[in-house]
Amino acid sequence: MKKLVKTLLIAGALTAAGFTAMAQSQDGMAGHMDHGRMDPAKMEQMVSQHLADFKAKLKLAPAQEGAWTTFAAAMKPNTANMSKRPDRAEMEKLPLPERIDKMRALRKEHMASMEANMDKRDEAIKTFYAVLTPEQKKIAEAEHNKMMAHRPGMGPDKAAPAKQ
């Protein structure tokens, strides 16, 4: 019996510590996050800075500027979708089965929009890549691999190797 009580107390303490750590980490992100979502303005700022850094590394020729402009526009985040949420009061009025159906429809719409945006970016990358010099392509490959290494499940050992 004492062993069970001791185990439960330890489990309770660990759970409390976990919740405390989680709350503290969320407080630290308060400036960038809103209910688990990144602030659209901060996201746009981060993407703009990344694109400016990338452009500086590439040292584009004047003839490549048009392709860059098209590429950079496609890389901008679609912040309109980020803030789109169902009205909570409206959702609470719905019976559970209808609420589930509405959430499913919204999820499908969101996923379709995300996929369309990813396809648009993929094509923009391929089009821009085609106008790069071999040296610029190496830089683009390295930047892409670096970005992929920061994604969940895409550590340095899982990112695609640079093409030679």
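Read-outs: derived from the displayed coordinates by stated rules, not from any lab. Everything numeric here is computed off the predicted structure, so don't read it as measured data. Cβ placement follows ideal geometry from the backbone for every residue including glycine, while neighbour counts extend to all protein chains displayed.
Here the stretch 37-132 is assigned +1 on the Cβ of each Lys and Arg and -1 on the Cβ of each Asp and Glu. Its dipole about the Cα centre then comes out at about 160 debye. As a length-normalised measure over Cα pairs under 8 Å and 6 or more apart, the relative contact order of the stretch 37-132 settles at 45 percent.
Within the set 108/146; 55/146; 120/146; 59/137, which residue pairs have Cα atoms separated by over 19 Å?
Beyond 19 Å: 108/146; 120/146.
Estimated at 0.36 nm per residue, the fully extended path between residue 101 and residue 125 surpasses their Cα-Cα distance by 5.0 nm.
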